[in-house]
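Computed from the coordinates by the stated procedures, all read-outs in this text should not be read as laboratory data. Small disclaimer: the values here were computed from a predicted structure and weren't measured. Reconstructed Cβ throughout: ideal geometry from the backbone, glycine too, with neighbour counts over all protein chains shown.
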Ligand code: NIG
Ligand code: FE
């Protein structure tokens with residue numbers, strides 16, 4: 001056995017625990033000054049003052065890693081991304097800058113449908129390359145675990161292709177957790193005002209979900225419940241089918257209007273209800289009383305140029321479990337960086353830096369069922385560690401708009417060194 005000693009750290013800053021943190025406790029970060037971390041066999045064997053490293057462990061250390069005086073935080077856990085897409089939508093973005101709305105563009109044949117066309121046309125190998133490149137960008141910005149959704153294929157062949165690409169690219173610097181989002185939209189060949197509407201839902205339930213399950217391609221199942229897309233009842237039907245095949249529900253809920261998505265998520269025991277810009281009082285109460293995570297995506301409000309952010313303070317103060325994600329996708333949030341998400345959560349949604357950091361790490365890990373393995377720097381967990389070029393964690397928000405990530409370990413492996421991807 002050979003262990004690595006990470007030394008010359010200014011601090012370790014981390015939430016603590018193997019489950020989600022709610023309420024005031026989200027502000028309680030553990031901080032150790034001038035610490036070391038010992039990584040053994042991919043896991044954190046020790047994190048604390050150097051003089052207290054157990055002697056037997058000290059004897060195992062064969063390598064030293066100089067952290068250059070940086071601050072160690074847990075790798076970010078990004079629990080909502082649409083990574084396997086082809087093509088970009090910068091011209092739609094430019095139309096939005098000139099006043100058209102996201103919904104108007106979608107109704108004119110753009111939006112999810114336009115990424116759908118490009119993604120169907122891409123071969124699986126091309127998607128692997130695209131997902132791999134985006135995962136590298138995520139790692140460079142401090143993410144070590146990310147959820148990734150299908151949802152641009154919208155037929156059996158292309159949904160499977162997207163999920164297979166996620167599986168292959170998940171071997172890289174970011175651990176990818178796959179979600180089947182076959183009910184992201186109706187496919188372009190389907191007239192949603194005709195019997196074809198019910199036929200597509202039937203196809204998702206009877207054909208796509210069982211095939212995804214048979215190949216073990218997804219851990220979660222998601223639906224876009226929204227005015228003009230899937231109704232609450234249609235969403236429920238799809239999520240129950242997913243659950244019957246072993247996929248835990250997550251929901252795009254109350255993003256552009258209040259469709260009671262949050263309450264649906266809580267009633268189904270979903271892992272998360274995501275977006276929530278238009279969540280109702282009833283939805284807030286339902287999440288606060290449940291273990292369903294309120295997953296907030298402030299980069300989407302920002303990128304859609306909306307003044308409407310999810311009511312993060314209210315959710316958190318009433319006791320909901322809050323997490324944060326990028327929503328990385330080519331239409332409503334074209335970023336891989338959890339740093340900007342933490343900055344927006346703090347500066348626009350009024351979370352404290354401490355709450356934002358807990359939301360972006362441990363609570364995200366909980367929503368993926370991984371709080372036992374990652375989300376904090378604690379003995380026994382996977383060594384998913386980010387070293388920031390900063391004297392303390394406040395710089396994460398204070399020093400905004402630049403990349404503070406210097407080194408990243410995923411499961412003990414150095415995947416980013418001096419701001420560059422390490423190829424092995
Ligand atoms: O989370 N709301 C649905 N899905 C994405 C947008 C996808 C797209 O525009 O391509 C979202 O915002
Ligand atoms: Fe999304």
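What to note about this one:
- The reciprocal of the average 1/r between distinct C-alpha atoms defines the Kirkwood hydrodynamic radius, which for the chain equals 21.5 Å.
- Ranked by how many other beta carbons lie within 10 Å on average, peptides 187-193, 35-41 from highest: 35-41, 187-193
- Average Cα contact separation per residue, the chain, under 8 Å, 6 or more apart, as relative contact order %: 21 percent
- Relative to the longest principal axis of the Cα atoms of the chain, helix 112-121 runs at roughly 80 degrees.
- Helix 232-244 and the longest principal axis of the Cα set of the chain meet at an angle near 60°.
- Between the range 343-407 and the range 184-207, the alpha-carbon center distance in angstrom: 39 Å
- Helical mean residue ellipticity (222 nm; -39500 (n - 2.57) per DSSP H run of 4+; nearest 500) of the chain: -9500 deg cm²/dmol
- Mean separation of Cα pairs under 8 Å and 6 or more residues apart, divided by the residue count, gives the range 71-202 a relative contact order of 28 percent.
- Taking 342, 177, 402 as the candidate residues, the one with maximal mean-square fluctuation in a Gaussian network model of the chain, Cα springs under 10 Å, is 402.
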